[in-house]
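Before any comments, here is the structure.
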Amino acid sequence: MIFESVRKTSRAVLVQENSKTGGVMAEISAAITENVFDYLDAPVMRVCGLDVPMLPFAPPLEHFFLPNADKIARAVKKVMEY
């Protein structure tokens, strides 16, 4: 289903709450690159939590750490500029 979407849109923006490094989205990004690279018109963008050892509990820090609508919108706009 992901590959079909990339073939159709020529782009991919992946979102997860976990850290960027070593997360599930890293593997999905690699699979997209390996299998449908020729269809991509822009780099795969990942909107993820920051690479920190532990999720912060204070609401302002949690808001800074986690993906949110603004971060996702910026990533989509960046991908659409290509």
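The values are calculated or read from the model by the stated rules, or taken from the named source; none is laboratory data. Since this is a predicted model, take the numbers as computed values, not measurements. Positions of Cβ are backbone-derived with ideal geometry, glycine not excepted, and every protein chain shown enters the neighbour counts. What goes into the accessible areas is simple: the full protein's heavy atoms, side chains included, and nothing from ligands, DNA or RNA. Shrake-Rupley method; radii C 1.70, N 1.55, O 1.52, S 1.80 Å.
Taking the longest Cα principal axis of the chain as reference, the axis of helix 24-36 is set at about 10 degrees.
With a/c under 1.5 counting as rounded, go ahead and sort the range 6-81 into rounded, prolate or oblate using the C-alpha gyration tensor (a ≥ b ≥ c being the square roots of the eigenvalues; past the cut-off, prolate if a/b is larger than b/c, else oblate). Taking the square roots of the gyration eigenvalues as a ≥ b ≥ c, the range 6-81 is oblate. Put a dot 7 Å past the Cα of ALA73, heading toward its Cβ, do the same for VAL15, and the two dots end up 1.2 nm apart.
As a fraction of the 1.4 Å probe accessible area of the range 1-51, surface on carbon and sulfur atoms comes out at 51 percent. Springs join every pair of Cα atoms under 10 Å in this Gaussian network model of the chain, and among MET25, MET45, MET54 the largest mean-square fluctuation is at MET54. Residues whose amide H falls under 5 Å from that of VAL47, counting only those 5 or more places apart or on a different chain, are LEU14, VAL15, GLN16, with hydrogens built in the peptide plane. The calculated Kirkwood hydrodynamic radius for the range 40-82 is 11.7 Å, given to one decimal from all distinct C-alpha pairs. Only protein heavy atoms count here; on that basis, with a 1.4 Å probe, SER5 has an accessible area of about 60 Å².
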